[in-house]
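Here the structure comes first, spelled out in structure tokens, and everything after it is commentary.
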Amino acid sequence: MEQNSLKTYAALVATMIFWGLSFVATKVALESLPTFTLVFLRFILAALIFVFLRRGFKWPSFSRRDHVKMILLALFEPGLYFIFETIGLQYTSAAKTSLIIATIPVVVFVLSTLMLGERTSIASILGALLSFFGIVLLVMGEPGFSLKVRGSFFGDLLICAAVISASLYIVFARDLGRNYSSFDITFIQILYGAVFFFFPFLFELPNLLWETITIRSWIAVMYLTIFATAGAFMCYNYALSQVPASRASVFINGIPVVTAVGAWMILDERLTTVQATGGGLVLLAVFLTNLPKGIMPFEKRNGTNESCDPS
């Protein structure tokens with residue numbers, strides 16, 4: 001198992017919780033805030049937090065090539081990912097969106113193999129498949145769920161674009177994490193994210209009534225800023241510097257479980273028995289995927305005992 005594994009997986013669990021509850025907080029914040037105004041506030045406030053934390057320190061010294069990667073990092077996520085997902089949801093269902101988003105680990109497996117030369121264990125592949133099946137149960141177990149397609153192909157394409165954007169973000173962050181600290185990567189990523197969403201924010205600004213924003217929504221914005229943006233990205237970027245991108249990405253599939261629990265506690269939304277079963281499968285998949293390579297009996301017989309991490 002990798003060095004500092006306890007710290008690494010604690011960071012991944014924290015990321016899963018922060019991002020899982022972010023969907024609940026976002027729902028609360030959108031009660032009185034427009035979409036792009038909310039996203040811009042998240043990132044500009046998070047950027048200010050990092051500027052405060054960095055006082056007295058030098059500006060991150062990225063090479064020109066890595067600086068381009070950082071711009072691409074912010075472009076893919078939060079930039080394009082949030083745009084594709086937000087617009088796509090206007091054309092397709094949230095249930096179908098969750099199923100498509102669940103394919104992120106599969107896309108990361110392919111990209112990390114092609115771009116980073118990472119190896120993936122059989123246990124990781126089985127874990128990804130099991131987590132996907134768990135999310136299927138979480139989504140299909142919802143009362144009134146229907147598989148009918150009502151002209152949502154365009155929305156589905158946009159959500160697929162969001163999957164590709166998130167996967168490229170994970171791969172690029174893993175590559176940069178080999179040479180730079182998670183703090184510097186997160187700081188620049190959030191700063192570029194704030195710049196990226198500034199222009200959509202300008203379109204909403206003329207019709208924005210600040211006095212109508214509720215305290216409940218402001219509290220949600222603070223959570224999204226401190227935990228779901230600054231805290232989550234910093235934890236996840238640190239984890240990506242310690243473990244293969246394909247392994248870290250599987251924790252994304254644990255987010256719906258956290259969201260379901262948070263929605264039950266805060267919004268009084270409840271899971272059905274089928275959904276609870278799916279949530280259990282997702283958690284089992286996360287555990288299975290992160291077993292040290294060689295523990296699975298069939299992996300021992302095939303002699304695949306080396307670490308997944310090429311470093």
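Using the beta-carbon distance between residue 86 and residue 181 and R0 = 22 Å, what value does 1/(1 + (r/R0)^6) give for FRET efficiency, to the nearest 0.05? The formula returns an efficiency of 0.10 here. Taking the number of Cβ atoms within 10 Å of each Cβ as an exposure proxy, the fewest-first ranking of 235, 160 is 160, 235.
Sorting 194-200, 19-25 by their mean Cβ neighbour count within 10 Å, with the most densely packed peptide first, gives 19-25, 194-200.
Note on 272, 103, 229: ascending count of other Cβ atoms within 10 Å places them as 272, 103, 229, the fewest first. Each of 119, 42 was scored by other Cβ atoms within 10 Å of its Cβ. Arranged with the fewest first, they read 119, 42.
Would you mind computing, in nm to one decimal, how far apart the modelled labels at residue 268 and residue 207 are, each placed 7 Å from Cα along Cα→Cβ? Using points 7 Å along Cα→Cβ, the separation is 3.1 nm.
A short reminder: the numbers here are calculations on the coordinates, not readings from a lab. No experiment lies behind these values; they were computed from the predicted model shown. Heads up, the Cβs are rebuilt from the backbone with ideal geometry, glycines too, and the neighbour counts pull from every protein chain shown.
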